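What follows is a set of notes on a single structure, which appears directly below.
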Amino acid sequence: MQKLTGKTALITGGASGIGLGMARAFLAAGLKVAIADINETALAAAEAALPGLGKAVQLDVTRAADWERALDTVEAALGPVEILCNNAGVAQGRFADGREMTVAEMPEALWRMVLEINTTGTFLGAHAVLPRMLARGQWGHIVNTASTGGLMAPGGIAAYCASKYAVVGLSEAMRAELAPVGIGVSVLCPGGVRSNLFASSVAVRAARPEAFEGLATVGTEALRIEQAQRMDPVSVGQMVLRAIADNAMYIIPHPEYLGHIEERHAALVAAFGESAQPGYRDTDVTFERFRNPEYARAPRSK
C-alpha cells in the first residue's frame, strides 16, 4: 500500500461534483492538492471553500498548451505532480422538452464536443503529465474518471457512453504500459453522484451554441430532486484515495450496478460460438497481442 500523505495531486473538474469531493477527501488525508477547472467563477468559489488548498488554476482540458501551463504553475507551487485525476467531463444533455437525444437526432458538433472533452481531454492530461513522471523515475498514479456509462450503454446517451467507454479502454491500455515502470492507473466508474454536471455542462455548451440548438439549458425540478438524493462526492473521493493507495485497476462506488454488468457480459459470452471460418484460430502473435496481463492481476470477487 502506497503512503499518500504529502503527495501532490492535481484534480481537473475540481471546482464541483466528484472533483470537489476528491479535493476535500485528499486534503483531509494530508495531500497537497491543486484543482483545475474551466469555469473561473466556480473555481474561485471552490478555492474559497477549501481551506489548505495548494493551488487553483483555470484549464481547458482540450488544449495541450493549457495543460503544460497548468502543470508548470502547479509544480512551481507544490512540487512535482505525483497524482493526476483526469476528472473533467461534460454531459450529453436532453432536448428542451425533456426527451433524450438519439444518434439520428444528434448534431455532429455535439458528438465531437463530448468526445473532445471527455476522451481527448483525458488523453491530453496523461500525455502532458507522463513525460514528467517518467523522467523522474519515481512513483506516480493517474485516475481517469469514466462512468457506469463506460461499462454499459443504454439508449439516449450514446455520445456520453462512447466517450466513457473510450476512457475505460484508454485506462486499461495505459495501465498495461505503465505497470512495468511503477506508475499506477485506475479508472473510476461512478453511477449517480451529487454534482453540478448539468449546470457545468450547460456553461461549456454556451461557448458552442451551434451544437446545442433545442437542448435544455436548465435542469427540471424532477432532475434537481433526483440529483439531491445521489451519493455524496466526498465518499467517492475517499474511495478514490483508497484505490490509489492500493493501486486498484477499477474504482466502482456503486455495487448496485453489478447485475447490469453481469447482463452485458452474459450477452458477450453468449456470442462466442463457432468460428466464422470452421477450424480457424487466430495466429499466436495476434492472439497474444490482445491479452492485457493487468486483467489477470486484478483482484477477484471477495
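The values are calculated or read from the model by the stated rules, or taken from the named source; none is laboratory data. Keep in mind it's a predicted model, so treat the numbers as computed, not measured. Don't worry about glycine lacking a Cβ; one is built from the backbone with ideal geometry, like all the others, and counts go over all protein chains shown.
I'd like to verify a number: residues in the stretch 178-191 that are under 22 Å from Ile11 (Cβ atoms) and either part of a helix (DSSP H, G or I) or under 16 Å from the mean Cα position of the chain (by Cα) (or both), how many?
Total satisfying the criteria: 9.
Filter the stretch 38-57 down to residues that are among the charged types (D, E, K, R) and more than 23 Å from Ala91 (Cα to Cα) and give me whichever is surrounded by the fewest Cβ atoms within 10 Å (Cβ to Cβ).
Glu47
Check whether at least one residue in the stretch 124-142 is buried (at least 16 other Cβ atoms within 10 Å of the Cβ), outside any helix (DSSP H, G or I) and touching a Leu at 6+ places or on another chain (Cβ under 6 Å), and report yes or no.
yes
Conditions: (1) crowded, with 23+ Cβ neighbours inside 10 Å; (2) part of a loop (DSSP other than H, G, I, E, B); (3) without any contact (Cβ under 8 Å) to a residue 40 or more places away in the chain. Ile35 meets all but one. Number of the miss?
It is condition (2) that Ile35 fails.
Among the residues of the stretch 258-272, is any in a loop (DSSP other than H, G, I, E, B) and either in contact (Cβ under 8 Å) with a residue 24 or more places away in the chain or loosely packed, with under 12 Cβ neighbours inside 10 Å (or both)?
Yes, the stretch 258-272 contains a residue that is in a loop (DSSP other than H, G, I, E, B) and either in contact (Cβ under 8 Å) with a residue 24 or more places away in the chain or loosely packed, with under 12 Cβ neighbours inside 10 Å (or both).
Of the conditions (1) in contact with a helix residue (DSSP H, G or I) (Cβ under 6 Å, 6 or more places away or on another chain); (2) part of a loop (DSSP other than H, G, I, E, B); (3) surrounded by fewer than 19 Cβ atoms within 10 Å (Cβ to Cβ), Leu115 fails just one. Which one is it?
Unmet for Leu115, out of (1) in contact with a helix residue (DSSP H, G or I) (Cβ under 6 Å, 6 or more places away or on another chain); (2) part of a loop (DSSP other than H, G, I, E, B); (3) surrounded by fewer than 19 Cβ atoms within 10 Å (Cβ to Cβ): (2).
Inspect all residues belonging to the stretch 133-151 and state whether any of them is touching a His at 6+ places or on another chain (Cβ under 7 Å) and either under 22 Å from Ile18 (Cα atoms) or β-branched (Val, Ile, Thr) (or both).
Looking through the stretch 133-151, at least one residue is touching a His at 6+ places or on another chain (Cβ under 7 Å) and either under 22 Å from Ile18 (Cα atoms) or β-branched (Val, Ile, Thr) (or both).
Within the stretch 11-23, does at least one residue satisfy the condition of being more than 18 Å from Leu188 (Cβ to Cβ), assigned to a loop (DSSP other than H, G, I, E, B), among the polar types (S, T, N, Q) and in contact with a helix residue (DSSP H, G or I) (Cβ under 7 Å, 6 or more places away or on another chain)?
no
Among the listed residues Ser171, Ser147, which satisfies the condition of being in contact with a strand residue (DSSP E or B) (Cβ under 7 Å, 6 or more places away or on another chain) and crowded, with 23+ Cβ neighbours inside 10 Å?
Ser171
Only one of Ser235, Ser200 is under 23 Å from Ala46 (Cα atoms), out of contact with any helix residue (DSSP H, G or I) (no Cβ under 6 Å at 6 or more places or on another chain) and modelled with pLDDT under 65. Can you tell me which? First the steps, then the outcome.
Numbers: Ser235 fails: modelled with pLDDT under 65.
Answer to the check: Ser200.
Going through the stretch 127-177 one residue at a time, which ones are among the charged types (D, E, K, R) and under 12 Å from the mean Cα position of the chain (by Cα)?
Lys164 - this is the single residue of the stretch 127-177 that is among the charged types (D, E, K, R) and under 12 Å from the mean Cα position of the chain (by Cα).
Of everything in the stretch 95-138, what is in contact with a Ser or Thr (Cβ under 9 Å, 6 or more places away or on another chain) and farther than 19 Å from Gly150 by Cβ? Give them in sequence order.
Ala96, Gly98
So which residues in the stretch 8-30 are surrounded by fewer than 24 Cβ atoms within 10 Å (Cβ to Cβ), closer than 25 Å to Gly182 by Cα and in contact with a strand residue (DSSP E or B) (Cβ under 8 Å, 6 or more places away or on another chain)?
Listed by number, the residues that qualify are Thr8, Leu27.
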